[in-house]
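K.L.:
Encoded as C-alpha cells, here's the structure I'll be asking about.
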C-alpha cells in the first residue's frame with residue numbers, strides 16, 4: 001500500500017502491555033477507577049462464578065467489549081494477544097482465575 005507506514009514498535013508495545021506485572025497493574029487500575037461495567041452474567045445453580053459474562057472496560061484508548069462465552073472462553077475486542085488487562089479486570093470482578101490475580105493466591 002503506497003504511503004503505508006510500518007510501526008516496528010507495535011510488537012514491543014503489545015509485549016510490554018501483556019507482561020504479568022503490567023497486566024495486573026492495569027487491571028487493578030481499571031477496577032479502582034470504576035472503568036469495568038458488567039452488563040450481563042449468568043451462573044448455573046450449582047456454580048460459584050458466572051459461566052457467561054458480557055462487560056465493557058474503558059481502556060486508555062477506547063472502550064472494549066469483554067465476553068465469556070460458554071465453550072469458547074474469554075474474548076476481548078482490544079485485539080491483545082496473550083494476557084489482556086481488560087479480560088483480567090473482568091475476570092477478577094467475576095471471580096474467575098485471572099492474569100491479574102496475586103501470585104500464590
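Every number in this text was worked out from the coordinates using simple rules, so none of it is lab data. Quick caveat: nothing in here was measured; it's all calculated off a predicted structure.
K.L.:
Test of understanding: what is the full-extension gain from residue 40 to residue 25, defined as 0.36 nm times their sequence separation minus their Cα-Cα distance?
P.N.:
Numbers: separation 15, 0.36 × 15 = 5.40 nm, distance 2.49 nm.
Extra length from residue 40 to residue 25 when fully extended: 2.9 nm.
K.L.:
Next up: Under the 0.36 nm per residue contour assumption, what length would be gained going from the current alpha-carbon distance of residue 65 and residue 32 to full extension? Don't skip to the end; give the middle numbers.
P.N.:
Values: separation 33, 0.36 × 33 = 11.88 nm, distance 1.85 nm.
The span from residue 65 to residue 32 would gain 10.0 nm if fully extended.
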